[in-house]
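Read-outs: derived from the displayed coordinates by stated rules, not from any lab. From a predicted model like this one, the values you see are computed outputs, not experimental measurements. Glycine gets a Cβ as well: all are built from the backbone with ideal geometry, and neighbour counts include every protein chain shown.
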Amino acid sequence: MSDCIFCKIIKGEIPSRKVYEDEHVYAFHDIRPIAKVHFMIVPKKHVDSLAHCGKDDAQMLSHIMLLAPKLAAEHGLEQGFKTGINTGRGGGQEVFHLHVHVFGNPL
């Protein structure tokens, strides 16, 4: 999607503070953090929201959810963290590219 800000971040067209990248996902720090640690994990494949995922997206969703605790621990959140997925306008989604927020305050 050519006008998607997250697609542009993934392509390197817009700078970000990268946390992690592999062939399936890109993770970066939120520009409006709500905690000392706040980053997002975004699939490289453009999917508008969780509501737009289907059976073909199961592996990608699993990868994101298994990656979240690993990256959280690397950022000092070994004692716990929160995740959030805003879905649709009614769910508070502002950027319509699926993303999982990982946030918390390290001890």
Placed amide H near Val19: partners under 5 Å, 5+ positions off or other chain: Ala27, Phe28, His29
Computed label-point distance, nm, for sites Gln79 and Asp56 using a 7 Å Cα→Cβ extension: 4.4
Per-residue HN-Hα couplings for region 65-77 [Karplus 6.51, -1.76, 1.60; θ = phi - 60°; Hz; x = Gly/Pro]: 5, 7, 6, 3, x, 5, 5, 4, 4, 5, 9, x, 9
Over the chain: Rg over Rh, Cα atoms, Kirkwood Rh: 0.94
Gain upon complete extension [Arg89, Met65; 0.36 nm per residue less C-alpha separation]: 6.4 nm
Across the chain: Cys residues that no other cysteine approaches within a C-beta distance under 4.7 Å: Cys53
Highest-fluctuation residue, Ala58, Ala27, Ala35 considered, GNM on the chain with Cα pairs under 10 Å: Ala58
Extended-chain gain in nm, criterion 0.36 nm per residue less alpha-carbon gap, His29 and His46: 4.2 nm
Anchor Lys70: aspartates and glutamates whose Cα lies under 18 Å away (excluding residues fewer than 8 positions away in-chain): Glu21, Asp22, Glu23, Asp30, Glu78
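Per the Cauchy relation, a quarter of the hull surface: what is the mean projected area of the convex hull of the alpha carbons in region 2-48, in nm²?
On the way: hull surface 14.0 nm².
Orientation-averaged projected area of the Cα hull: 3.5 nm².
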